Amino acid sequence: MKIDLLYGTGTFPVHLDDDWQVDVIRKLAMPVCPDPQAAVRAALSHGAGSRSLLEEARGRSSACILICDITRPVPNGLLLPVILQQLLDAGIPRKKICILVATGLHRPNEGQELEELVGSSWVLQNFRVENHFARNDADHVDLGTTRTGTRVKLDRRFVEADLKIATGLVEPHFMAGYSGGRKVIAPGVAHRETITTFHNARFMSHPGADSCILDGNPLHQEQLEIVRMLGQVFAVNTVIDEHRNLSFVNFGEIVQSHLESVAFTRDFVIVPAARRYRTVVTSAAGYPLDKTYYQTVKGMVGPINILEPGGNLIIVSECSEGLGSEEYADAQRRLIDLGAEGFFAEISRKDYAGIDEWQTQMQLKPMRAGKVLLYTGRLSAADRALTGVHLIDSVDETLRKCVAESGDSSVAVIPEGPYVVPVYQPE
């Protein structure tokens, strides 16, 4: 039996013995919009908790539209031309419209990558498209402090815009429950101090900070409070299927429209499993998510609910851009030097997380659950030494070794990685 896992811009073939019990875990079949552009226009014509976009835009003097960075496959080329034309039709001057890439603490998207991200030459030629830089103090406005003590500083271009719109993709997120909506604002266009506060070890180690959890999730609650500080904010939310086809799109007040999108996607992405497995094979979801090892951690965390304690978790990820940021590499070095428990003890004492060390903290989850085995074709030898997991040269050979050593020929395969959340639910 051959199963293709998402890998880079293509797939990675995995060969499994015919006499094994192989359970392939995918999203339930999602509906696909037959006319995506018509679906976007229909969504903008009425809002969840708001009027239509055209009505909400009339009389506004300026607008800022947030888009996710290159790590999210949002169909911007489909969304932006329709949104921008409606803003122009509503009377907002072209020069008063800004498209802001919500990079959080990720690197900026520029050049050919920015063209790919925006997906429309008309947009690039006619509108300002700029990156958010979380480390630039002067670019941010201080909005005060949340009830838990997070100092809220957000990008001035978004805060001071008369019309604020966040666009995004609603999918499982291993910390915030679901991506999109409020998350595009914080951490998307938040200052470094804000991000490192509500990404510290206290927030990250909370049991509610997990995939597909909103109620009781401290990150989600913090993000909602930050959004409320801004006043009126709107969102255009999308959901895509395994083949990146548009399945759902809506518009409206940012919190209500996001929850409506979550309600749609939840039944497709949470997949019950009747047992746990000694061997699980998965991916980091392919391009663009598997560009770095930093993002690969999401694919490791997603399946641990169905991994038998001490079992083997095999993951494939191209890692075409290497490990990630220098700060992340430093966090990984400390993980190697201190060990898992020593690293956790060190970060637990901090009020502010080191940049990107929260991803190293999240890697502790699969490391505690079992043995993580990584296949990657692009990491350098120096970067491979900093992963903190077991590197393998052959997925097929490793699979056979894991099955033989465990004495259990039942194998779970998750081709789409962290976009699917398997949950152990015994019959």
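In table form, for the structure just shown:
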| quantity | calculated |
| --- | --- |
| Hits in the stretch 1-17 - residues which are under 21 Å from A404 (Cβ atoms), assigned to a loop (DSSP other than H, G, I, E, B) and at pLDDT 95 or above | L16, D17 |
| Check on I165, outside any loop (DSSP other than H, G, I, E, B), closer than 25 Å to A57 by Cα and among the hydrophobic types (A, V, I, L, M, F, W, C) | yes |
| Segments classed as strands (runs of 3 or more DSSP E), wholly inside the stretch 349-427, with at least 1 members that are among the basic types (K, R) and either modelled with pLDDT of 95 or more or crowded, with 18+ Cβ neighbours inside 10 Å (or both) | 370-375 |
| Of all residues making up the stretch 241-256, the number that are in a helix (DSSP H, G or I) and in contact with a helix residue (DSSP H, G or I) (Cβ under 9 Å, 6 or more places away or on another chain) | 2 |
| D23 vs. criteria acidic (D, E), over 30 Å from E260 (Cβ atoms) and free of Cβ contacts under 8 Å to residues at least 40 places away in the same chain | no |
| Residue within the stretch 311-321 that is in a loop (DSSP other than H, G, I, E, B) and surrounded by fewer than 21 Cβ atoms within 10 Å (Cβ to Cβ) present | yes |
| Sole residue being surrounded by 24 or more Cβ atoms within 10 Å (Cβ to Cβ), assigned to a strand (DSSP E or B), in contact (Cβ under 8 Å) with a residue 40 or more places away in the chain and over 14 Å from the mean Cα position of the chain (by Cα), chosen from T265, T282 | T282 |
| Single match in N200, N217, N237 (criterion: under 11 Å from G177 (Cα atoms) and either touching a helix residue (DSSP H, G or I) at 6+ places or on another chain (Cβ under 8 Å) or not aliphatic (A, V, I, L, M) (or both)) | N217 |
| So T238, is it of a type outside the set (A, V, I, L, M), crowded, with 21+ Cβ neighbours inside 10 Å and outside any helix (DSSP H, G or I) | yes |
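The values are calculated or read from the model by the stated rules, or taken from the named source; none is laboratory data. In this text, all values refer to a predicted model and were calculated from it rather than measured experimentally. No Cβ is skipped: glycine too gets one built from the backbone with ideal geometry, and neighbour counts run over all protein chains shown.
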